[in-house]
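Just below is one structure, and these are the notes that go with it.
FYI, it's all coordinate maths here, none of it is from the lab. Note that this is a predicted model, so its numbers are computed, not measured. Here the Cβ is made from the backbone with ideal geometry for all residues, glycine too, and neighbour counts use every protein chain on show.
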Amino acid sequence: MSNNEMIEIFIDEIKALKGEMSLTISKLIQSKLEERAHFEKFGQLVDRIYGTAMTLGHIEIGEYTKSMKDVAYMASASENEKGHQKTVRAMIKYIELNDEICDCLLQPEKMAPLNFKLSQEKSKVEILNKREFFSVQKKSCD
């Protein structure tokens, strides 16, 4: 299988998971952020993107995705309502960036500016995680 074919499969996977992630966020909002299992579900979905990104050598996509996975799992194990609200905003931002990620995967010349943006977003998510969920030990699904 060629690299281009693997990229196409990865893009299809991201697009398919985007719908599931959006539905998960909708359910979370409908529950007024009380059904925290939806945070964990989101973490499981982005974990699938993380694995493929790292396998294909897209480190910045993988690292940003891993930070989203971690914060989603931490939110699922926390009672912190303010942290939950911030996490949902980060989850929505992640979904918005998925379109740009898919576009740039097909146009490698656009990857450098995207990688810079993803690095910034990863830093924001890591700060959110440290500030809001510093006492939570959960890093992945149990």
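Quick look at the values:
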quantity	calculated
Options Ser22, Ile7, Ile127, ranked by Cα towards positive dipole end of the range 3-132, top entry (Cβ charges)	Ile127
Cα centroid separation, the range 1-22 to the range 44-116 (Å)	14
Degrees separating the helix 37-55 axis from the principal Cα axis of the chain, which is the longest one	30
Global geometry of the range 3-132, whether rounded, prolate or oblate, following the gyration tensor of its Cα atoms and the 1.5 cut on a/c	prolate
Per-residue Cβ neighbour rank within 10 angstrom, fewest leading, Tyr73, Tyr64	Tyr73, Tyr64
Cα-Cα over 28 Å, subset of Lys18/Lys124; Lys41/Lys110; Lys69/Lys117	Lys41/Lys110
Proxy reagent accessibility, fewest Cβ within 10 Å first, across Met1, Met68, Met54	Met1, Met54, Met68
